[in-house]
Amino acid sequence: QLHSDVDKGDGSIKYILSGEGASSIFIIDENTGDIHATKRLDREEQAYYTLRAQALDRLTNKPVEPESEFVIKIQDINDNEPKFLDGPYTAGVPEMSPVGTSVVQVTATDADDPTYGNSARVVYSILQGQPYFSVEPKTGVIKTALPNMDREAKDQYLLVIQAKDMVGQNGGLSGTTSVTVTLTDVNDNPPRFPRRSYQYNVPESLPVASVVARIKAADADVGANAEMEYKIVDGDGLGVFKISVDKDTQEGIITIQKELDFEAKTSYTLRIEAANMHVDPRFLSLGPFSDMTTVKIIVEDVDEPPVFTSRLYSMVVSEAAKVGTIIGTVAAHDPDASNSPVRYSIDRNTDLERYFNIDANSGVITTAKSLDRETNAVHNITVLAMESQNPAQVGRGYVAITILDINDNAPEFAMEYETTVCENAQPGQVIQKISAIDKDDPPNGHQFYFSLTAEAANNHNFTLQDNKDNTATVLTRRNGFRRQEQSVFYLPIFIVDSGSPSLSSTNTLTIRVCDCDADGIAQTCNAEAYILPAGLSTGALIAILACVLTLLVLVLLIVTMRRRKKEPLIFDEERDIRENIVRYDDEGGGEEDTEAFDMAALRNLNVIRDTKTRRDVTPEIQFLSRPTFKSIPDNVIFREFIWERLKEADVDPCAPPYDSLQTYAFEGNGSVAESLSSLDSISSNSDQNYDYLSDWGPRFKRLADMYGTGPDCLYS
């Protein structure tokens, strides 16, 4: 309540209020000065309000005292419960942790005034999660309450934590939150094989690196604590099998390292150990963290292909060996207990030229053709060995046959030499250095000897000097070479190799005489250059001559084609009536047009057909003219017609030299029904009876009316 000393209680003073919340939250009685709150106040929203009050003269509305300021403080009550602003919580703690191990700390806040009473003093307690966990009442730290909590037994716990104000007294407000605690894994479980022994059957034909079996030791731990390694610690299969670990499944994978052979060994026994890779020293007392098991592997017999005694046979034979010469022998056997006989053959895909044969029973390889080392120095062939009782079982052996060289190739020039000599060459001048090659390959290398042939040894132009290093030098013997006298010289050179027996050959060196510059470089080597017309070279003359010949050929072709178009191919004054297809771009005149085509030749057989001669083909046989056909019964007429056409086609030199289909528009001499033409019936006094036309149906009614003899007949 506000009161002014000037106020006598007669109502002459009025009070007004301003400031925070004036007229909205707080109002004042202008007569008495009482201040009232219009609504519920919340300290947590605003704890203080600053107001200003003034007393005014009611008549003059002037202040009677200075304005005064005062503060309204909101006194707190316990109207807010504690709240966990960060909840719900999740936390983890290692399994097997000792009692009192801290898990997580929870915190609750109370909006009430912590400086006034116990409204904001919070105490924590656990409502759910005992007896496994506990909570510190004042700090909210959650700890383990039981020892040896095993993740493999239960890996997750749900706790409910309560925070209560008023120091936990009755009447205090409370709030709760949940805490999910997960036990993390530690390596407290050693690996254990479910069985003490395993047995697996595998065929002996299983390839190397194939998987034989998968075994796994059980480990209740997870992640890195469950990682383990496997190894073979004992047994008779240490070198035949190996074991590795599958990183994803932690299984031990047993694979083959060497080929299995049922006939050599039928079973193997392995002692396999599984051990954890990461052992926790705190739990060694729960160990040992490894386990052993026995794996027995039974090898099953399968029908195997024959096996050669060697994977690769190396043989040699001279290229001079005669056909049938024995080169070597291969051997294979059936590895199975049945020991079936083996037959041999050569895979012809590796011996396409069939240079070699093999004896099917003994495996002896012999030559089937003459050999040439220079064509093929080494032959790699595949020999097949198949069981007699089961030909599907085929083994393969590989044979490398090296051909030994003999001296069967004469030496020759190493290249085609283009040798020139200058007209101003001096005696003893070197004009060419030559060398030789030989397709043979002697063990000690080649040694060639060069000399001039006996005919060329005494020539006065050139000489040959053997350099003793498989080369020779050609030198001039004189000077003054002239192209006008002789432009080309041929020098025969005799080359001998060092083989046993030695071989030789004569090679001719072509030497051209050239005009050279001051440095001895050839400029012109053609003798014809002296007799060519001025301004024209040999190339230009050849080009002109080629153009003239081309023009002459074109003119002859054009003339020939024109003459062929103008002249008919067949001498025939009349129209050719053979089986030709003639196309006309005009229309006939109908039945009345009797001039366009002469069909009598097809209808009448009594026509003499002359043999026509083609002008563009000279026949080898002259044909006699055809005899006149006689009128004979129709069925014979058709046979004769076809027979004559067949004979004409057989002897016709212009007929195509292959089977062809010939179509003829031949109808014979007449018709059984005779002619139905009204033109013929009107012009003749025929007594033929046409009454049968009325029996042919409505389509012939018009003809029956025209030619019938009934009472309604049009003609009498």
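The values are calculated or read from the model by the stated rules, or taken from the named source; none is laboratory data. All values reported here derive from a predicted model rather than from experimental measurement. Every residue, glycine among them, receives a Cβ derived from its backbone with ideal geometry; neighbour counts consider all protein chains shown. The area values use the complete protein model at the heavy-atom level, side chains included, leaving out ligands, DNA and RNA. Shrake-Rupley method; radii C 1.70, N 1.55, O 1.52, S 1.80 Å.
Quick look at the values:
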| read-out | value |
| --- | --- |
| Residue check for T329: among the hydroxyl-bearing types (S, T, Y), open to solvent by less than 50 Å² (accessible area, probe 1.4 Å), within 30 Å of D408 (Cβ to Cβ) and over 37 Å from the mean Cα position of the chain (by Cα) | no |
| Tabulated pairs, the range 318-338, first farther than 30 Å from I406 by Cβ and in contact (Cβ under 8 Å) with a residue 12 or more places away in the chain, second assigned to a strand (DSSP E or B) and among the acidic types (D, E), C-beta under 6 angstrom, 6+ apart or interchain | D334/E387 |
| Criterion: in a loop (DSSP other than H, G, I, E, B) and surrounded by 19 or more Cβ atoms within 10 Å (Cβ to Cβ) - qualifying residue of A436, A425, A385 | A425 |
| Which listed residue, of N390, N361, is in contact (Cβ under 8 Å) with a residue 12 or more places away in the chain, closer than 11 Å to P306 by Cβ and either aliphatic (A, V, I, L, M) or not assigned by the TED database to the domain that holds K439 (or both) | N390 |
| Wholly within the range 138-210, strands (runs of 3 or more DSSP E) carrying at least 2 residues that are of a type in the set (D, E) and open to solvent by 40 Å² or more (accessible area, probe 1.4 Å) | none |
| Number of the exception - L56 against (1) of a type in the set (A, V, I, L, M); (2) in a strand (DSSP E or B); (3) without any contact (Cβ under 8 Å) to a residue 40 or more places away in the chain | (3) |
| Odd one out for V474 among (1) without any contact (Cβ under 8 Å) to a residue 60 or more places away in the chain; (2) of a type in the set (A, V, I, L, M); (3) closer than 30 Å to V330 by Cα | (3) |
| Given (1) touching a residue at least 40 places away in the same chain (Cβ under 8 Å); (2) surrounded by fewer than 19 Cβ atoms within 10 Å (Cβ to Cβ), number of the condition V488 does not satisfy | (1) |
| For T550: the one exception among (1) among the hydroxyl-bearing types (S, T, Y); (2) over 60 Å from the mean Cα position of the chain (by Cα); (3) modelled with pLDDT of 85 or more; (4) not assigned by the TED database to the domain that holds N458 | (2) |
| Pairs where the first residue, in the range 69-80, is over 7 Å from D112 (Cα atoms) and among the polar types (S, T, N, Q) and the second is open to solvent by 70 Å² or more (accessible area, probe 1.4 Å) and part of a loop (DSSP other than H, G, I, E, B), C-beta under 9 Å, 6+ apart | Q75/Y116 |
| Options R343, R354, R348, R282; residue that is under 30 Å from V233 (Cβ atoms), open to solvent by 50 Å² or more (accessible area, probe 1.4 Å) and not β-branched (V, I, T) | R282 |
